[in-house]
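The values are calculated or read from the model by the stated rules, or taken from the named source; none is laboratory data. Because the structure is a prediction, the values reported are computed rather than measured. For neighbour counting, all protein chains shown are included, and Cβ atoms are generated from backbone atoms with ideal geometry for every residue, glycine included.
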Amino acid sequence: MNHHCVAIVPADDLDASTAFYRLLGFEVAADFGSYRILADERGWHLHLNHMPGWPKRTEDNPFGLYLYVEDVDAVADRVRDRIIERGAPNAKPWGTYEFAVSDPTGVLVRIGRIIA
């Protein structure tokens, strides 16, 4: 088995968070009521933990995720109205082509790929 890391993200509204992450390419792999495991066919895994009232203000949520994908533009097309930065996706000085969105609880989600 390969080593890998999975983020556990708190979610005030599991259905809203699940719908958001479906737009990015995740599907529900397991549902335990207040805990959902999301995955895609290529190796992404994400756990959503129901945390009512979290956070008190979405702008105070300190969590973030970076999702590496081959086709950044295809994912951007599915969430275009949620992209934070105008004109994104675009190339960044640190060598990625990316954009960012926020999930329903304020988790910053960057989606990108390394550019050669």
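Among Phe26, Phe32, which is the only one that is closer than 24 Å to His4 by Cα, among the aromatic types (Phe, Trp, Tyr), exposed (fewer than 13 other Cβ atoms within 10 Å of the Cβ) and modelled with pLDDT of 95 or more? Walk me through it before giving the result.
Values: Phe26 fails: exposed (fewer than 13 other Cβ atoms within 10 Å of the Cβ).
Selected residue: Phe32, the only one of Phe26, Phe32 that is closer than 24 Å to His4 by Cα, among the aromatic types (Phe, Trp, Tyr), exposed (fewer than 13 other Cβ atoms within 10 Å of the Cβ) and modelled with pLDDT of 95 or more.
The combined condition, being out of contact with any Pro (no Cβ under 9 Å at 6 or more places or on another chain) and either surrounded by fewer than 15 Cβ atoms within 10 Å (Cβ to Cβ) or modelled with pLDDT of 95 or more (or both), is fulfilled by Ala116.
A quick yes/no check of all residues on (1) polar (S, T, N, Q); (2) farther than 17 Å from Arg22 by Cα:
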| position | (1), (2) |
| --- | --- |
| Gly53 | no, yes |
| Pro62 | no, yes |
| Tyr68 | no, no |
| Ile83 | no, no |
| Trp94 | no, yes |
| Thr105 | yes, no |
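Checking each residue in the stretch 80-112 for being of a type in the set (A, V, I, L, M, F, W, C), closer than 21 Å to Glu70 by Cβ and assigned to a strand (DSSP E or B) picks out Ala91, Phe99, Ala100, Val101, Val109, Ile111. Looking at Asp103, Asp40, Asp77, which is the one that is at negative phi, modelled with pLDDT of 95 or more and buried (at least 16 other Cβ atoms within 10 Å of the Cβ)? Selected residue: Asp103, the only one of Asp103, Asp40, Asp77 that is at negative phi, modelled with pLDDT of 95 or more and buried (at least 16 other Cβ atoms within 10 Å of the Cβ).
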